[in-house]
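The values are calculated or read from the model by the stated rules, or taken from the named source; none is laboratory data. Bear in mind the structure is a predicted one, so any value in this text is a computation, not a measurement. Glycine also receives a Cβ, built like all others from the backbone with ideal geometry; neighbour counts cover every protein chain displayed. The area values use the complete protein model at the heavy-atom level, side chains included, leaving out ligands, DNA and RNA. Shrake-Rupley method; radii C 1.70, N 1.55, O 1.52, S 1.80 Å.
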Amino acid sequence: MKIVVIGGTGLIGSKLVAGLGERGHEAVAASPNTGVNTLTGEGLADAVAGAAVVIDVSNSPSFEDAAVLEFFRTSTGNLLAAEAEAGVGHHVALSVVGTGRRPDIGYFAAKNAQEELIKRSGIPYSIVHATQFFEFAHAIADGATDGDAVRMPPVAFQPIAGDEVAKAVGRAALAEPLNGDIEIGGPERFRMDDFFRSALTAWGDRRHVVTDPHARYFGAELNEPDLVPVDGATLGQVKYADWLSADK
């Protein structure tokens, strides 16, 4: 089966392409690096021709509110139009846990816009909402750094390994379309400030974590349940400490 992975050369996309290929599928990595640009439409028609499934794990090069909204609106619109023309039977998208709860957060609003386009497209679909990836922990800490302090809110945090995200998205792609969404998260739930306090120690990082209820994430203050999945979510098995040890 031909499966096109938009964003197929990135962190999750490359894992998907490799995993689907190992299962005998024709997994095609589509990204600007391979001549496929969802923003301009370059190479899209040829890429999705003959595809049974298209998986979109692409991301905006800018997280500024207006830029990320424009990216997901334009990119997803172009992609869905190309899929409709090609007769693609299943669109799978990777999104973020909490998009429906915090539409006031710019990035979440952009993902909501993407999801609405998918739902209205008429193409059978599945949306996978994931918590934050282990691989992005350093970037999250850097974004919260003020001098030698890392300001973190005391809210629930349940990150997941990128490998497990890729496997979950791959399973969704090979199953029947949900015409709905699922949530996935890591096996452990932390306080966000406590997680990063332990993580910095494990990294050998000399910065210190300051617990700050007003610390901002993508420009907004967080409430307790904003970043964690609801009951019934699919949980991974890889714990952060084990992942970190294996990654060294």
Flagged in the stretch 221-231 as within 20 Å of the chain's Cα centre (by Cα) and touching a residue at least 40 places away in the same chain (Cβ under 8 Å), in numbering order, are Leu222, Pro225, Asp226, Leu227, Val228, Pro229, Val230
Discussion item. Asn59 - would you say it is within 24 Å of Ala175 (Cα to Cα), among the polar types (S, T, N, Q) and out of contact with any helix residue (DSSP H, G or I) (no Cβ under 6 Å at 6 or more places or on another chain)?
Written reply: yes
In the stretch 172-190, anything surrounded by fewer than 17 Cβ atoms within 10 Å (Cβ to Cβ) and either over 19 Å from the mean Cα position of the chain (by Cα) or more than 16 Å from Pro153 (Cβ to Cβ) (or both) is listed as Leu174, Ala175, Glu176, Pro177, Leu178, Asn179, Gly180, Pro187, Glu188
Residue pairs within 8 Å by beta carbon, gap of at least six or interchain, first lying in the stretch 42-54 and free of Cβ contacts under 8 Å to residues at least 24 places away in the same chain, second open to solvent by less than 50 Å² (accessible area, probe 1.4 Å), listed first then second, are Glu42/Gly35; Glu42/Val36; Gly43/Ala30; Gly43/Gly35; Gly43/Val36; Gly43/Asn37
Restricted to the stretch 223-242 and to residues being among the charged types (D, E, K, R) and in a loop (DSSP other than H, G, I, E, B), the residue least open to solvent (accessible area, probe 1.4 Å) is Asp226
The condition of being basic (Lys, Arg) and modelled with pLDDT under 95 holds, among Arg120, Arg102, Arg73, Arg151, only for Arg102
Residue count, the stretch 1-44, condition in a loop (DSSP other than H, G, I, E, B) and surrounded by fewer than 21 Cβ atoms within 10 Å (Cβ to Cβ), comes to 13
